[in-house]
Amino acid sequence: MKIRIREIRAKGVLSKTGIPGMRYCINPYVGCAHACRYCYATFMKRFTGHAEPWGSFTDVRVNAPEVLRRQLRRAEKGSIIVSSVTDPYQPVEAHYRITRKCLEVLALYDFPVDILTKSPLILRDIDIILKIKDAEAGITITTDDEKARKIFEPGAPPVPARIEALRRLHEAGIRTYVFIGPVLPMNPRVLAEQAGPYADSVIIDRMNYTERTRRLYRQYKIEKWLDEEFIGGVVSELTDRLGGKGHCVVL
């Protein structure tokens, strides 16, 4: 899919968020080329004026680092997540480096920072992340099955690349976690074996937007993955294999 890229200027990039445990969020981009079929962030189109399908556009907030520096000077201390409605390491980041520049600003201030992405491009910025006093990096890994990944996350990086990114972050001494959300068709034993050794903690979340994806489940004859009891069993197995409730948070 061809991605329409537009440069914009933001009035603010440090925003309050309702995400549990987080006070602020930073979104260097608007839209996301990963085009995940279940993405809740499609609501952003109501505010941006985009008529294009979600996943086909990315707006680059070219002045985000400068605006962030100004906002941090007067902001009360609190945890920051990068990002909440976009992936900070989607493909355009390789060129624009907005996320990296924002992390360079964050390294100058004493704010806890949580970075969440599906992309191994985060490895480029290990040097900056290590400079942030209280930093944590999360990799979203929703399945061990590349077939499922291609159905639900057509523009996102392959699963093996995400697991390798998690390993390298962990071995670099960065606090890491895996976000298994939403729970897509998978072999929970395999996913736990592949990702578990490199995660300091795990967050598990079910598919909360089934109306967006029900057609895909029917099309590929995987409707059992919409059954609450069946998913409950998968989540229980993931929790057990990934270290128990002390290690996993189930949303």
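Brief remarks on what is shown
- Total lysine pairs in the chain at Cα distances under 21 Å, for residues eight or more apart or on different chains: 21.
- Euclidean distance between Cα centres, the range 177-199 to the range 90-155, Å: 18 Å
- Packing-based order for 113-126, 201-214, using average beta carbon neighbours within 10 Å, highest first: 113-126, 201-214
- Cβ-isolated cysteines (cut-off 4.7 Å), the chain: C25, C32, C102, C248
- Here the chain is assigned +1 on the Cβ of each Lys and Arg and -1 on the Cβ of each Asp and Glu. Its dipole about the Cα centre then comes out at about 980 debye.
- The convex hull defined by the C-alpha atoms of the range 23-148 has an orientation-averaged projected area of 8.2 nm².
- Value of D in µm² per second that Stokes-Einstein yields for the chain, Kirkwood Rh from Cα pairs, at 4 °C (1.567 mPa s): 70 µm²/s
- Here the range 4-133 carries DSSP beta bridges of which approximately 35% are antiparallel, counting only pairs with both residues inside.
Each value in this text was obtained by applying a stated rule to the coordinates, not by laboratory testing. A quick note: this is a predicted structure, and the numbers were derived from the prediction, not measured. Virtual Cβ from ideal backbone geometry, glycine too; neighbours counted across all protein chains shown.
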